[in-house]
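Notes follow once the structure below has been shown.
The values are calculated or read from the model by the stated rules, or taken from the named source; none is laboratory data. Quick caveat: nothing in here was measured; it's all calculated off a predicted structure. Here the Cβ positions follow ideal geometry from the backbone for every residue, glycine too, while neighbour counts run over all protein chains shown. Protein only, heavy atoms only, side chains kept; ligands, DNA and RNA dropped before computing areas. Shrake-Rupley method; radii C 1.70, N 1.55, O 1.52, S 1.80 Å.
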Amino acid sequence: SLVISTPVTVVSGLAAGARRGILIKGGTYLEDARLLKAVALDKTGTITEGKPKLVQWHVWGAGDEAAAQQMAASLAGRSDHPVSKAIIQGLEVPGPEAENFKALPGRGVEGVVNGVRLVLGNHRLIHERGLCTPELEAELAIHEKQGRTVTLLADDSCVLALFAVADTIRETSKQAIVDLKALGVTSVMLTGDNTATAKAIAAQAGIDDARGDLLPEAKLDAIKEMQKRYGATGMTGDGINDAQ
């Protein structure tokens with residue numbers, strides 16, 4: 001009976017998780033969960049609701065507001081990222097078709113709108129392109145310390161507009177972190193969002209260790225470091241990419 005009951009229990013556990021919207025990579029991972037010493041947690045859609053809203057936006061410099069709206073809508077409308085969806089829903093304006101559209105993993109998107117090459121991306125992308133100024137950095141810091149994700153529209157020479165998006169903590173996140181601590185499991189947030197935003201959201205959730213500005217490969221390096229530091233480590237997220 002033991003030979004039969006063990007796999008039945010595992011399958012039952014996997015099914016119970018699936019009914020609750022929890023996909024576990026396999027029976028081995030389910031059984032090993034009892035050994036976990038640390039858990040890496042994605043931010044958007046895991047700790048937060050994953051339903052961000054555009055809370056503020058404005059042109060940067062002497063740009064035209066209507067043009068900036070349409071250009072941002074053109075790029076955001078082609079992306080399936082939650083932040084892009086929040087921008088397009090918040091702007092509520094149609095944009096012309098973006099050509100040569102391309103996703104920039106961990107950074108944003110780019111495309112050509114009305115003959116102009118544009119990017120719609122995060123702080124990292126704008127910094128890498130040499131478009132940050134002290135004034136812009138100061139503006140970004142204000143939003144990031146409030147836990148907002150800031151996305152910027154820019155052409156090859158300058159930033160054209162700034163979009164601040166806010167997400168909310170899941171009601172269950174704080175208790176989940178408390179429960180993990182009670183089990184002796186350390187929680188670490190890993191996110192591609194900037195560090196200031198990551199720390200602000202982590203503080204609300206009760207997570208002591210938050211690491212931001214991480215590209216996908218950097219998240220993997222962080223997990224390897226956690227394995228060496230804590231031992232058995234799990235990764236929890238809301239996307240298939242988080243399981244890879």
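So that you can scan it fast, the table gives a plain yes or no per residue for (1) among the hydroxyl-bearing types (Ser, Thr, Tyr); (2) over 16 Å from the mean Cα position of the chain (by Cα); (3) open to solvent by 10 Å² or more (accessible area, probe 1.4 Å):
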site	(1), (2), (3)
133	yes, yes, yes
163	no, no, no
170	no, no, yes
181	no, yes, yes
Subject >> Complete set of residues in region 194-227 that are more than 25 Å from residue 126 (Cβ to Cβ) and among the acidic types (Asp, Glu) >> reply: 208, 209, 225
**OP:** Return a yes/no flag: does region 184-200 have any residue that is exposed (fewer than 15 other Cβ atoms within 10 Å of the Cβ) and either out of contact with any Leu (no Cβ under 7 Å at 6 or more places or on another chain) or over 21 Å from residue 104 (Cβ atoms) (or both).
**Re:** yes
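Condition check ((1) acidic (Asp, Glu); (2) more than 23 Å from residue 60 (Cβ to Cβ); (3) open to solvent by 80 Å² or more (accessible area, probe 1.4 Å)) across all residues:
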residue	(1), (2), (3)
160	no, no, no
174	no, yes, yes
227	no, yes, yes
234	no, yes, no
Original post:
Which pairs have Cβ atoms under 7 Å, sit 6 or more apart or on different chains, and link a residue in region 159-170 that is among the charged types (D, E, K, R) to one that is surrounded by 22 or more Cβ atoms within 10 Å (Cβ to Cβ)?
Top reply: 167/44; 167/48; 167/52; 170/47; 170/48
Original post:
Hey, which of the strands (runs of 3 or more DSSP E) in region 1-110, taking only ones fully inside, have at least 3 residues that are surrounded by fewer than 18 Cβ atoms within 10 Å (Cβ to Cβ)?
Top reply: 53-59, 99-104
**OP:** State whether the residues of region 208-231 include one that is in contact (Cβ under 8 Å) with a residue 24 or more places away in the chain, under 20 Å from residue 35 (Cα atoms) and assigned to a loop (DSSP other than H, G, I, E, B).
**Re:** yes
